[in-house]
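Structure, as structure tokens:
Just so it is clear, none of the values below were taken in a lab; they were calculated from the coordinates. Remember, predicted model here, so these are calculated numbers, not experimental data. With ideal geometry, Cβ positions are generated from the backbone for all residues, glycine too; neighbour counts draw on all protein chains shown.
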Amino acid sequence: MDIKSLKQTKFGVNTSSISEIEVIAQKYIAQGNDCLKRNDFDNAIIKFNIAKKHAQNPPEAFLGLGRAYKYKKDFSNAETNFKIYLEQQPDDVEIIVQLGEIFKEKGQYYEACDQFEKALKINPNNDYARRQLLATSNDILFIYSPQSGLYENKRYSKQNMQKALNLALKALPQNYTNDMKDVKVGFDYTSDLGGRSNIAQYEHKKRKITVTSDYIYASPNLVASYLIHEFVHAKDNDPYTSICEEQDAYRAQAEFWVHNANNVQDPEMDYVASLYKQSAKALNDRVEEIYTLRDPTINKTSPNHPPNQSLNAHSLNSSHTLKYSSIIAWLKNFFIVYLTYKCNGGCRQVVKAPDCGSGIRGFEPHHPPHLQTDLLNEGLF
């Protein structure tokens, strides 16, 4: 073999045709990602492995394999592939956090904390990494002292919900108070939609707003945004929902997040806020598109949410003039703060939602941004 031929050969692949080979690899990677969206994990693994044969260590293939194995709960293979991916993309916070989740699933809590801390060093404002670190630290405490772990979990949940509720009440229009004297608010388990837990939900018969217990350690600003969304539903005190009602709820939630995120980063709310910043119509159109896809029979309007309603009908208090003392009085007179948490392993619950799906109230917080535009697989909330 002459010198020219040696220069053209690397790892048994002729580099003169490397671009064509990479195109083939990317083709299989795209097919693998499509399989992931369809929850066809076995075929996704096949496609990503083929891609590896057509290119030298393509990071996207290892990323896809890590996700596919994680969905299948094959945590050892998921860990292996995520580590290889992170060797090439060491600052990918989302995958660092997912690697931490894998360690947590395997009961390796200290290793999990190391990953969450690493993610926060790269991005201190990542709320999902922060709440995973706090929750996992509580898991460790629970191992050594179940009573102390349970006490700390309850203490934090009560404190965090109180902060979130204060923030929400400060932002809500005063005319909301008359219709919600008996509303209960708390962290608890939430119902599922498509196999994934709701982030928050309002139950009309119980007059209860529930935020998933996975958010006990979330930023109170983030919890408050979901309370505001559900307060729009609770204010009506009727069993009906509609596209217009959801649009009103999302606008109120987005407006709150725009003014109150306080540098907290959450992919779900950041995405909703970005639509709202474009225009109220952009957010309305997205909500209508999502809810029509989910339920083609959903009503356009409901009794308290007629068509052609002003886009500012549910605007929040922008001046924030409510005094702290008046908030406390308001709480005593109009709200029963119901803080309940199921203790049967609850403080050790692990977020299990895959990163290309969502609950009824939003993209899961560790979802990659490039998946947020997929209507059928993501949903808005």
For the stretch 256-270, which residues satisfy the criterion of being under 15 Å from E230 (Cβ atoms) and of a type in the set (A, V, I, L, M)?
M269
Counting only residues that are farther than 26 Å from T80 by Cα and either in a helix (DSSP H, G or I) or small (G, A, S) (or both), how many does the stretch 101-154 have?
15
If you scan the stretch 263-282, which residues turn out to be more than 18 Å from the chain's Cα centre (by Cα) and loosely packed, with under 14 Cβ neighbours inside 10 Å?
K277, Q278, S279, K281, A282
Being touching a Lys or Arg at 6+ places or on another chain (Cβ under 6 Å) and over 17 Å from Q26 (Cα atoms) narrows it down to one of I96, I84, I102, so name that one.
I96
